[in-house]
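K.L.:
Sharing a structure here in structure tokens format.
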Amino acid sequence: MFTGIVEGIGEVKSIRRLGAEAVCILRAPPFFSDCHPGESIAVDGVCLTITEIKGELFTLDISAETLNRSTLGKLKQGDMINLERALKLSDRLSGHLVSGHVDGTGIIEKIERFQRSWIIHISLDQSLSRYLIDKGSIAVDGISLTINRCTQTSFDVTIIPQTVHNTTLYQKEVGGRVNIEIDLISKYIEKFFLNDRTSISKEKPSRIDRDMLIRYGFGESSGNF
């Protein structure tokens, strides 16, 4: 589990295809020296397992599913990547809960300068956009960001200078692909309601009804209906 707060930038030293899978060797910042083989690390938002460490060089296996679903399938020697170590339960949760299980990719459609910050417009498939809400959380290349606005096919986020200078976003260009991880809470909510609909179809009573919502403060007086 991660927070989406990128800790450092690494460099791909080599990536070798092994059939449908791959092995990547990257150089991590010196303060990643507390990592050990078998631990998880987020690489551009993708949770990978460290298989070997030699000084600042980390070896990681990449599965076929990960290569197909994320931008890691396009990695090449010399690429710079965002890195984050796994979350400790004693750490502050500065971003949001990020699993490192990338849902898919988006395309940067436009980059605008706004005073000291940048606004990035990203398009994505409707199978992912249905989970987005204005002011909700999203992870882009492993970076925890807040959605300004979203449509059925896109969303935009504001990038402050601190984020630009400490991640690989400064390298991104219009047309480039980025890894997208949807806020996992929204996916659990969808699953919950889909299961509830299944129970209704089997003539079982719904676990959610108007009386229950009112009882928990979602009544007309609260402005939620």
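The values are calculated or read from the model by the stated rules, or taken from the named source; none is laboratory data. Note that the structure is a prediction, hence the values are computed from the model and not measured. Ideal geometry is used to build each Cβ from the backbone, glycine not excepted, and the neighbour counts take in all protein chains shown.
K.L.:
When the residues of the stretch 107-159 are narrowed to those that are aromatic (Phe, Trp, Tyr) and in a strand (DSSP E or B), which ends up surrounded by the fewest Cβ atoms within 10 Å (Cβ to Cβ)?
P.N.:
Selected residue: PHE114.
K.L.:
Now for a separate question. If I go through the stretch 39-59 residue by residue, how many of them are within 19 Å of the chain's Cα centre (by Cα), in a strand (DSSP E or B) and of a type outside the set (Val, Ile, Thr)?
P.N.:
Here the count works out to 4.
K.L.:
Please give the number of the condition THR66 fails out of (1) free of Cβ contacts under 8 Å to residues at least 40 places away in the same chain; (2) exposed (fewer than 14 other Cβ atoms within 10 Å of the Cβ).
P.N.:
(2)
K.L.:
Which number in (1) farther than 24 Å from PHE155 by Cβ; (2) among the charged types (D, E, K, R); (3) touching a helix residue (DSSP H, G or I) at 6+ places or on another chain (Cβ under 7 Å) marks the one condition that ASP44 misses?
P.N.:
ASP44 satisfies every listed condition except (1).
K.L.:
Tell me whether the stretch 51-69 contains one or more residues that are touching a Cys at 6+ places or on another chain (Cβ under 9 Å), among the small types (Gly, Ala, Ser) and within 15 Å of GLY100 (Cβ to Cβ).
P.N.:
no
K.L.:
Same structure again: I'd like to check something: does the stretch 169-185 contain any residue that is among the polar types (S, T, N, Q), at pLDDT 95 or above and within 11 Å of ILE120 (Cβ to Cβ)?
P.N.:
No, the stretch 169-185 contains no residue that is among the polar types (S, T, N, Q), at pLDDT 95 or above and within 11 Å of ILE120 (Cβ to Cβ).
K.L.:
Okay, moving on. Does SER137 fit the bill of being touching a residue at least 40 places away in the same chain (Cβ under 8 Å) and within 22 Å of ARG69 (Cβ to Cβ)?
P.N.:
So SER137 passes the test.
K.L.:
Going by the structure shown, is ILE5 closer than 23 Å to GLY176 by Cβ, touching a residue at least 12 places away in the same chain (Cβ under 8 Å) and touching a Cys at 6+ places or on another chain (Cβ under 6 Å)?
P.N.:
On the way: closer than 23 Å to GLY176 by Cβ: yes; touching a residue at least 12 places away in the same chain (Cβ under 8 Å): yes; touching a Cys at 6+ places or on another chain (Cβ under 6 Å): no.
It is false that ILE5 is closer than 23 Å to GLY176 by Cβ, touching a residue at least 12 places away in the same chain (Cβ under 8 Å) and touching a Cys at 6+ places or on another chain (Cβ under 6 Å).
K.L.:
Hey, among GLY104, GLY100, GLY95, which residue is surrounded by fewer than 18 Cβ atoms within 10 Å (Cβ to Cβ) and under 21 Å from VAL6 (Cβ atoms)?
P.N.:
Sole residue among the options that is surrounded by fewer than 18 Cβ atoms within 10 Å (Cβ to Cβ) and under 21 Å from VAL6 (Cβ atoms): GLY104.
K.L.:
Here's something else I'd like to know. Take the conditions surrounded by fewer than 17 Cβ atoms within 10 Å (Cβ to Cβ), closer than 20 Å to THR3 by Cβ and in contact with a Phe, Trp or Tyr (Cβ under 7 Å, 6 or more places away or on another chain) and apply them to ALA28. Does it pass? Break it down into steps so the answer makes sense when it comes.
P.N.:
Values: surrounded by fewer than 17 Cβ atoms within 10 Å (Cβ to Cβ): no; closer than 20 Å to THR3 by Cβ: yes; in contact with a Phe, Trp or Tyr (Cβ under 7 Å, 6 or more places away or on another chain): yes.
Spelling it out, it is not the case that ALA28 is surrounded by fewer than 17 Cβ atoms within 10 Å (Cβ to Cβ), closer than 20 Å to THR3 by Cβ and in contact with a Phe, Trp or Tyr (Cβ under 7 Å, 6 or more places away or on another chain).
K.L.:
Of all residues in the stretch 31-42, count the ones that are loosely packed, with under 13 Cβ neighbours inside 10 Å and small (Gly, Ala, Ser).
P.N.:
2
K.L.:
Follow-up. Give the residue that is nearest to the chain's Cα centre (by Cα), with candidates limited to residues of the stretch 27-38 that are more than 16 Å from ILE15 (Cα to Cα) and among the small types (Gly, Ala, Ser).
P.N.:
Selected residue: GLY38.
K.L.:
Within the stretch 20-38, identify whether any single residue is out of contact with any Cys (no Cβ under 7 Å at 6 or more places or on another chain), acidic (Asp, Glu), assigned to a loop (DSSP other than H, G, I, E, B) and under 26 Å from ASP91 (Cα atoms), and answer yes or no.
P.N.:
No, because not a single residue in the stretch 20-38 is out of contact with any Cys (no Cβ under 7 Å at 6 or more places or on another chain), acidic (Asp, Glu), assigned to a loop (DSSP other than H, G, I, E, B) and under 26 Å from ASP91 (Cα atoms).
K.L.:
Further question on the same structure: Taking GLY175, is it under 13 Å from the mean Cα position of the chain (by Cα), in a loop (DSSP other than H, G, I, E, B) and outside the structural domain of THR66 (by TED's automatic domain parsing)?
P.N.:
no
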